[in-house]
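Here is the structure we will look at, set down as C-alpha cells.
The values are calculated or read from the model by the stated rules, or taken from the named source; none is laboratory data. This one's a predicted model, so the numbers in the text were calculated from it and none came from an experiment. Cβ sites come from the backbone with ideal geometry, for glycine too, and all protein chains shown count toward neighbours. Areas reflect the complete protein model, heavy atoms only, side chains present, ligands, DNA and RNA absent. Shrake-Rupley method; radii C 1.70, N 1.55, O 1.52, S 1.80 Å.
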Amino acid sequence: MNICRKDPGLPTDSFYEIRAGCTDVQETKFRIKAGKTLSVKRWRASFTPEGSLDIGKCLNRICRGGIHPSIRGEVWEFLLGCYDPKSTYDEREQIRQRRRDQYAQLKESCSRMFPVVGSGKFITARVITANGDPIQDPTVFLGTDLEQLPTPQSQESVDPIPVTVGSREHDKEIIQWKLALHQIGLDVVRTDRTLMFYEKQENLAKLWDVLAVYAWHDKDVGYGQGMSDLCSPMIMLLENEADAFWCFERLMRRVRGNFRCTGNSVGVEAQLDNLANVTKVVYPKLHQHLEHLGGGGYLFAFRMLMVLFRREYSFGDSLVLWEMMWALEYDPELFSLYEGGETQNKYDVYKATGKSRRQYGKYVRAIRRSRARARGEPGAPLPISVFVLASVLKDRSDKLLKEARGLDDVVKILNDISGSMDAQKACTGAMKIHKKYLKRQKRQSIQ
C-alpha cells in the first residue's frame, strides 16, 4: 500500500556550504518546499515577453515559503527597489550598466585616496590618526606595499594623483573615511566566518571594498558596525560587485537611520522607542514588567534591530525572514521614490483595487486601508521589523514575566531563542500585532 508522505523539503542552509570543523553553527528551521517556495518556474512565468513583472503573483508565495536560493539575488533587486516592476528587459539592462559605471567611478575615487581599495586586499589596523597623520605600520596593509600599487587612472583622463603615504591629510571627510577603514576590516574577518564562501581572500576583499565605497558614498552615515552583516548576503548572492553594492545601498536606504549618530545617541534608539510604545499599547503588562526591571528603553533589543535578526537565525533562515518582511512591506513605487521620479503619496487614500492592489505587500495594504479610514492620518509608518520584534517578545512573554528578575535575565531569555525562531511564524505574528496595535490606537484616539 502506498502511503503519501508530506514533502519535508530542503533545509535552506543546504545551499550555503559550511566550513569543515565548525560546530557552533545554528541549525536551520526553514525548508524549501515545492508549491510553497517561490520557484524559478513561477518567477519566470511572472514576466511578460517584454520583461514587465507582475510581482503580485510572487509576493504571497514569498510570504508563505520564501525564495528559492538560485533566484534569490535577482528577486531581492526588485523587492528592495533596484528596478521598477513595469520596466522592460532592455530598460533594466541600461539601468544596470549605468549603475555599474557609477560604481566604477566611486570605487576609483576611493582607490585614488587609498590604493588598497580594489587591490584584492584589505586592512585591519589604523592607517591614520584623528588629526590626519598617517600611521606607518607595516602590518596594516597585510603584505600590500602602497608604493608599488598602480595609481588609478581617471576615466576623465586627468593627471593621476600620486600616492603619498607619508603626507598629512587635511580634508576632514577623507580623514573620517580613512578612520573607518580598519574597523570595516575587523568586522569583515568576523562576518559569516562559518561559511566556505569567505575562506577566499578575494571574497573578503570584495566585502571590504563594497563597505569602504559605501562609507564614502554616504558620508552622512559613513560606516557603522553591523553593516557587514547586512552586506554579506549581497556579496554572496550577486556575482557582480557593482550589483551587490547597489542592492546593499537600497537596503541601507531603509535602515540607514538606525546607524546615524547624533551626540551620544544612535538612530536605532528611535525604533526602540517605537517598540516600547507598541508593547505598551498591545501588551501593557509585559511593558510594565520590563520598565520595572529597568528595561523600559528596550536596549536589550538593540542588536536585533541593527542587524535585522542575523544573530537570532541561521544564515539561510535569516535571509528567508528578510525576504518575507520585504514582501510584506513591498511598494511598487519604491524605484520611482529612490530615483527621484514622481510618485503618489505612498499611503494616500486607499484607491487601488483588484490587480493593482495586489502589487503592494500585505503590510502596506493594511496601512493604506488604515490611512484611508482615518482620512490620511499623519505620521510615518513603522517598519515591520518593529512588529516582528514585538512578536518575538510576545512569544517569550510568559517566560519573561515569570523568570526575569533583572535585565540580565531578559537578555539571557532572548539569547536563548537563537536558532529556534520560525521566520514565517514571526512575520504572521507581526501582522497580527500590527492589526491589534492599529485597533487600540484608534480606540485610544476616540477616547
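May I ask you to list the GluC sites (Glu not before Pro) in the stretch 195-288 that are in a DSSP loop and have at most 15 other Cβ atoms within 10 Å of their Cβ?
Values: sites: Glu199, Glu202, Glu239, Glu241, Glu249, Glu269; in loops: Glu239.
Listed in order of number, the matching sites are Glu239.
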Check the straight Cα-Cα distances from Lys442 and name the lysines below 16 Å, setting aside those fewer than 8 residues away within the same chain. Lys280, Lys432
Can you give me the solvent accessible area of Leu308 with a 1.4 Å probe, rounded to the nearest 10 Å²? 10
Taking a probe of 1.4 Å, how large is the accessible area per residue of the stretch 10-90, in Å²? 48
Ordered by packing density, taken as the mean number of other Cβ atoms within 10 Å over each peptide's residues, highest first, how do 83-92, 109-118 rank? 109-118, 83-92
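Could you order Leu207, Leu10 so the one with the most accessible surface comes first? Probe is 1.4 Å.
Leu10, Leu207
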Given the whole protein assembly as supplied and a 1.4 Å probe, what does the accessible area of Thr262 come to in Å², nearest 10? 80
Normalised radius of gyration for the stretch 10-90, please: alpha carbon Rg relative to 2.2 N^0.38 Å, two decimal places. 1.29
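Within the set Lys121/Lys412; Lys36/Lys436; Lys33/Lys402, which residue pairs have Cα atoms separated by over 31 Å?
Working: Lys121/Lys412 38 Å; Lys36/Lys436 27 Å; Lys33/Lys402 38 Å.
From the list (Lys121/Lys412; Lys36/Lys436; Lys33/Lys402), the Cα-Cα distance tops 31 Å for Lys121/Lys412; Lys33/Lys402.
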Which aspartates and glutamates, if any, have their Cα less than 16 Å from the Cα of Lys362, not counting same-chain residues under 8 positions apart? Asp54, Glu323, Glu329, Asp331, Glu333, Asp348
Residue-level accessible surface for Arg96, protein heavy atoms, 1.4 Å, Å²: 50
Calculated from backbone phi, Karplus (6.51, -1.76, 1.60) coupling profile of the stretch 72-85 in Hz, x at Gly/Pro: 4, x, 6, 5, 4, 4, 7, 4, 8, x, 5, 9, 7, x
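Could you please state how large a percent of the accessible area of the stretch 10-90 is carbon and sulfur, counting protein chains only and using a 1.4 Å probe?
Here it works out to 52 percent.
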